[in-house]
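The values are calculated or read from the model by the stated rules, or taken from the named source; none is laboratory data. This is a predicted model, so every value here is computed, not measured. We place every Cβ from the backbone using ideal geometry, glycine too, and count neighbours over all the protein chains shown.
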Amino acid sequence: MVPSTRLYDYLLRLGDNALILGQRLGEWCGHGPVLEQDIALTNIALDLIGQARLWLEYAAQTAGKGQTEDDLAFLRDAGAFRNALLVEQPNGDFAHTIIRQFLFDAWNFALHEDLCNSGDLQIRAIAEKSLKEIAYHRKYSSEWTIRLGDGTEESRSRMQTALEDLWTYAGELWNPDDLDREMAEAGISPHLERLQPAVEKYIRDILTEATLEIPAGTWMQSGGKQGRHSEHLGYILAEMQFLQRAYPGLEW
Amino acid sequence: MSRERMEEYFQATIDADQKIEPKDWMPDAYRKTLIRQISQHAHSEIVGMLPEGNWITRAPNLRRKAALLAKVQDEAGHGLYLYSACETLGVEREELLDQLHSGQAKYSSIFNYPTLTWADIGAIGWLVDGAAIMNQVPLCRCSYGPYARAMVRICKEESFHQRQGYEIMLTLCRGSDEQKAMAQDALNRWWWPALMMFGPNDKESTHSEQSMKWRIKRISNDELRQRFVDMTVPQADFLGIQVPDPDMKWNESTGHYDFGPINWDEFWNVVKGNGPCNRERLKARVQAHEEGSWVREAAMAYAEKRKQRAEERARVA
Ligand SMILES: [Fe+2]
Ligand SMILES: [Fe+2]
């Protein structure tokens, strides 16, 4: 048995990744490059918000302090968020949004595939429910990575730039820390180093088809999973939490 | 068949309440009227995403955030069906968008007002989607088949939006004093623009008579407006907030609510482009379109490459 505070921290990682990426994608709504893609990005945002609610509700239950999903989403400060740095990066142009999504989906799919075998039954149930959605996200972001990478001169160069900007945040997803190891030892989550080869292979295959190149020898940033974030998260929360902060304790 | 005979046959089809379909002969003016109306309607759906989208990142809880995302996404879907309906009349979406972006085509003026508080999201669902339903339910029986069928799908979703908006208002009105004040303020600001959504008074309305004859329009602007008032005022009463109209009162003899004069100067001023948000709404649409051009070009270039590669493979095999 892992201590409930450790499980809580782990659940926050899952919930906060989905929440913050969903929040970012929600910024696109009404501003997409074409109506069909506006709808598609909103779809992914909706899936992610739905997943975030399940994870955060379970996290709140685990903490046993009578909190709700909304308390966790709207009343924690940045240092208490446990999402990876990648998902809080700005939308940028459509290329940045697609590369961010692609790197996240490639890893998130492999993770959830394994979480479907988690020793924790509730994690297993949430992962099973989410996996179909994430499979669709991965298909979407992979197809657009290929399409834009192998599209025009301009689109290829925008995608390569996005990859160079964002690749440095990919490593945090699959490099384990103590908490990841502890969860893996307890049979709750997979060993991240065992996921990594397949995830990297998937990424390389798609990027090759997209005629894009993985930046060589890049330093991998980390810290989000432990609560040390980029400057962006504070602004995301300032916006997201505004109503709950301005009018505390009300029903909406 | 002579032109006169064709026109007779066309009008007889309409009078028999049968549908005109894309391949049927139709007078140019009928086609033009439909293109104008359907494209305006499509533009309204996508410009309408902006004021509501404005609150997605600030929705007060996760349930509301998901519901609002889904709602705004529905509006995008409505835009898609309507652009498709318009394409059956021989105009491509790209051309219609150019007309929107150049300011040549109009969209519903209601979306030129700002969403200032969360209560505006409730008020829009309740009043704006409510008025849209009033306008659109008769269009489900419109003489042009593809438009009528699109409206059937759209109306189902609009009535869901309307209930959802009203439920937001209800939650606010049962909440704190601040929340109730927020709801009242939203009603104050959205009420009159919502009444204006039905268009000018019947005696000022330029397109109405011919549209009635073609059964594109079935009920007059003033009648629809009256129905909306009669439906909505009791709903405001139930919420415990007041419609901002000192002349509003129940008329026992007519069985309707009487209401005060509409400020048509404001209406025409906003139509002309002087509403609080006309410029920024249009700019946001133009910007999204322009910034998306490299994406659309790349998608076409890629599709073309794939086609060529498939042809090459077929040649080799
Ligand atoms: Fe709509
Ligand atoms: Fe709607």
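Any idea which of B:V243, B:V233 is part of a helix (DSSP H, G or I) and more than 14 Å from chain A (Cβ to nearest Cβ)? Lay out the reasoning, then the answer.
Working: B:V243 fails: part of a helix (DSSP H, G or I).
The unique qualifying residue is B:V233.
What helices (runs of 4 or more DSSP H), lying completely within the range B:138-216, carry at least 3 residues that are in contact (Cβ under 8 Å) with a residue 60 or more places away in the chain and either within 15 Å of ligand 2 (Cβ to nearest atom) or within 14 Å of the chain's Cα centre (by Cα) (or both)? Reasoning before the result, please.
Values: elements: B:145-173, B:177-196, B:208-213.
Ranges flagged: B:145-173, B:177-196.
Have a look at A:L212, A:L237, A:L207, A:L192 and point out the one that is of a type outside the set (G, A, S) and in contact with a Phe, Trp or Tyr (Cβ under 6 Å, 6 or more places away or on another chain).
A:L192
Restricting attention to the range B:141-168, and to residues there that are crowded, with 16+ Cβ neighbours inside 10 Å and within 14 Å of another protein chain (Cβ to nearest Cβ), which single residue is farthest from ligand 1 (Cβ to nearest atom)?
Filtering first and then ranking leaves B:I168.
Which pairs have Cβ atoms under 8 Å, sit 6 or more apart or on different chains, and link a residue in the range B:39-60 that is more than 25 Å from B:E94 (Cβ to Cβ) and without any contact (Cβ under 8 Å) to a residue 40 or more places away in the chain to one that is assigned to a helix (DSSP H, G or I) and within 15 Å of ligand 2 (Cβ to nearest atom)?
B:I56/B:L68; B:I56/B:L69; B:I56/B:V72
Regarding B:A70, is this residue surrounded by fewer than 20 Cβ atoms within 10 Å (Cβ to Cβ), aliphatic (A, V, I, L, M) and more than 15 Å from ligand 1 (Cβ to nearest atom)? Outline the logic, then answer.
On the way: surrounded by fewer than 20 Cβ atoms within 10 Å (Cβ to Cβ): yes; aliphatic (A, V, I, L, M): yes; more than 15 Å from ligand 1 (Cβ to nearest atom): no.
Answer is no for this residue.
This table checks each residue for (1) within 14 Å of chain B (Cβ to nearest Cβ); (2) out of contact with any helix residue (DSSP H, G or I) (no Cβ under 7 Å at 6 or more places or on another chain); (3) acidic (D, E).
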site	(1), (2), (3)
A:E193	no, yes, yes
A:L212	yes, no, no
A:T218	no, no, no
A:Q241	yes, no, no
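Is there a residue in the range B:63-74 that is part of a helix (DSSP H, G or I), out of contact with any Gly (no Cβ under 9 Å at 6 or more places or on another chain), within 13 Å of ligand 2 (Cβ to nearest atom) and not aliphatic (A, V, I, L, M)? Outline the logic, then answer.
As a first pass, look at the range B:63-74 and keep what is part of a helix (DSSP H, G or I): B:63-74.
Retained after the next criterion (residues that are out of contact with any Gly (no Cβ under 9 Å at 6 or more places or on another chain)): B:63-64, B:67, B:70, B:73-74.
Within this subset, residues satisfying the condition of being within 13 Å of ligand 2 (Cβ to nearest atom) are B:67, B:70, B:73-74.
Of the ones still in play, those that are also not aliphatic (A, V, I, L, M) are B:73-74.
Yes.
Among the residues of the range B:246-274 satisfying the criterion of being assigned to a helix (DSSP H, G or I) and without any contact (Cβ under 8 Å) to a residue 40 or more places away in the chain, which is farthest from B:S108 (Cα to Cα)? Steps first, please.
Within the range B:246-274, the first condition is being assigned to a helix (DSSP H, G or I), and the residues that meet it are B:264-274.
In the following step, the residues that additionally are without any contact (Cβ under 8 Å) to a residue 40 or more places away in the chain were identified as B:265, B:268-269, B:272, B:274.
On the way: B:D265: 16, B:W268: 12, B:N269: 13, B:K272: 12, B:N274: 14 Å.
Among them, the one singled out is B:D265.
In contact (Cβ under 8 Å) with a residue 40 or more places away in the chain and over 18 Å from the mean Cα position of the chain (by Cα), is that true of A:M183?
yes
Out of everything in the range A:16-30 that is within 17 Å of A:D93 (Cα to Cα) and in a helix (DSSP H, G or I), what residue ends up being farthest from the other protein chains (Cβ to nearest Cβ)?
Of the range A:16-30, the ones within 17 Å of A:D93 (Cα to Cα) are A:21-30.
Checking which are in a helix (DSSP H, G or I) leaves us with A:21-26.
On the way: A:L21: 13, A:G22: 8, A:Q23: 6, A:R24: 9, A:L25: 9, A:G26: 4 Å.
Here the residue is A:L21.
Restricting attention to the range A:114-144, report how many residues are more than 17 Å from the chain's Cα centre (by Cα) and either surrounded by 22 or more Cβ atoms within 10 Å (Cβ to Cβ) or among the basic types (K, R) (or both).
2
Return yes or no: is B:A186 buried (at least 18 other Cβ atoms within 10 Å of the Cβ), more than 12 Å from ligand 1 (Cβ to nearest atom) and at pLDDT 95 or above?
Values: buried (at least 18 other Cβ atoms within 10 Å of the Cβ): yes; more than 12 Å from ligand 1 (Cβ to nearest atom): yes; at pLDDT 95 or above: yes.
Judged against the criteria, B:A186 is a match.
What are the residues in the range B:23-48 that are within 14 Å of chain A (Cβ to nearest Cβ) and either outside any helix (DSSP H, G or I) or within 16 Å of ligand 2 (Cβ to nearest atom) (or both), if any?
Restricting attention to the range B:23-48, the residues satisfying the condition of being within 14 Å of chain A (Cβ to nearest Cβ) are B:39, B:42-48.
Answer for the range B:23-48, where residues must be within 14 Å of chain A (Cβ to nearest Cβ) and either outside any helix (DSSP H, G or I) or within 16 Å of ligand 2 (Cβ to nearest atom) (or both): B:A42, B:H43, B:S44, B:E45, B:I46, B:V47, B:G48.
Count, please, the residues in the range B:114-130 that happen to be within 19 Å of B:N263 (Cβ to Cβ) and more than 16 Å from ligand 2 (Cβ to nearest atom).
Of the range B:114-130, the ones within 19 Å of B:N263 (Cβ to Cβ) are B:114, B:123, B:127-128.
Restricting the remaining residues to those that are more than 16 Å from ligand 2 (Cβ to nearest atom) gives B:114.
Final tally of qualifying residues: 1.
Could you list, in sequence order, the residues of the range A:201-233 that are of a type in the set (A, V, I, L, M, F, W, C) and either surrounded by 13 or more Cβ atoms within 10 Å (Cβ to Cβ) or touching a His at 6+ places or on another chain (Cβ under 9 Å) (or both)? Walk me through it before giving the result.
Going residue by residue through the range A:201-233, those that are of a type in the set (A, V, I, L, M, F, W, C) are A:203, A:206-207, A:210, A:212, A:214, A:216, A:219-220, A:233.
Residues satisfying the conditions are A:I203, A:I206, A:L207, A:A210, A:L212, A:I214, A:M220, A:L233.
In the range B:292-310, what count of residues is obtained for those that are surrounded by 13 or more Cβ atoms within 10 Å (Cβ to Cβ) and either under 21 Å from B:Q104 (Cα atoms) or small (G, A, S) (or both)?
Here the count works out to 4.
Please go through the range B:49-58 and pick out each residue that is more than 8 Å from chain A (Cβ to nearest Cβ) and away from ligand 1 (no atom under 16 Å from the Cβ).
Those that are more than 8 Å from chain A (Cβ to nearest Cβ) and away from ligand 1 (no atom under 16 Å from the Cβ): B:N54, B:W55.
Scan the range A:18-25 and give yes if some residue there is more than 19 Å from A:A127 (Cβ to Cβ) and surrounded by fewer than 22 Cβ atoms within 10 Å (Cβ to Cβ), otherwise no.
no
Okay, residues lined up against (1) closer than 16 Å to A:N17 by Cα; (2) assigned to a helix (DSSP H, G or I); (3) within 14 Å of chain B (Cβ to nearest Cβ):
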position	(1), (2), (3)
A:H137	yes, yes, no
A:Y140	no, yes, yes
A:E143	no, yes, yes
A:R147	no, yes, yes
A:R158	no, yes, yes
A:A162	no, yes, yes
A:D165	no, yes, no
A:L173	yes, yes, no
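Give the number of residues within the range A:35-52 that are touching a Lys or Arg at 6+ places or on another chain (Cβ under 9 Å) and among the polar types (S, T, N, Q).
1
For the range B:285-305, enumerate the residues that are more than 7 Å from every other protein chain (Cβ to nearest Cβ) and within 22 Å of B:N112 (Cα to Cα).
B:R285, B:V286, B:Q287, B:H289, B:E290
So which residues in the range B:77-93 are within 13 Å of ligand 2 (Cβ to nearest atom) and crowded, with 23+ Cβ neighbours inside 10 Å?
Filtering the range B:77-93 down to residues within 13 Å of ligand 2 (Cβ to nearest atom) leaves B:77-79, B:81-82.
Residues satisfying the conditions are B:H78, B:G79, B:L82.
Taking the range B:99-140 as the search range and keeping residues that are within 12 Å of ligand 1 (Cβ to nearest atom) and among the polar types (S, T, N, Q), which one is farthest from the other protein chains (Cβ to nearest Cβ)?
Filtering the range B:99-140 for residues that are within 12 Å of ligand 1 (Cβ to nearest atom) and among the polar types (S, T, N, Q), the one farthest from the other protein chains (Cβ to nearest Cβ) comes out as B:N135.
I'm trying to understand the selection: among the residues of the range A:53-70, which are more than 7 Å from every other protein chain (Cβ to nearest Cβ) and without any contact (Cβ under 8 Å) to a residue 40 or more places away in the chain?
From the range A:53-70, those more than 7 Å from every other protein chain (Cβ to nearest Cβ) are A:54-68; that's our starting set.
Within the range A:53-70, A:E57, A:A60, A:Q61, A:K65, A:G66, A:Q67, A:T68 meet the criteria.
Consider B:T88 carefully, then state whether it is among the hydroxyl-bearing types (S, T, Y) and either under 30 Å from B:V233 (Cα atoms) or within 13 Å of ligand 1 (Cβ to nearest atom) (or both). First the steps, then the outcome.
Working: among the hydroxyl-bearing types (S, T, Y): yes; either under 30 Å from B:V233 (Cα atoms) or within 13 Å of ligand 1 (Cβ to nearest atom) (or both): no.
Considered against the rule, which asks whether it is among the hydroxyl-bearing types (S, T, Y) and either under 30 Å from B:V233 (Cα atoms) or within 13 Å of ligand 1 (Cβ to nearest atom) (or both), B:T88 comes out as no.
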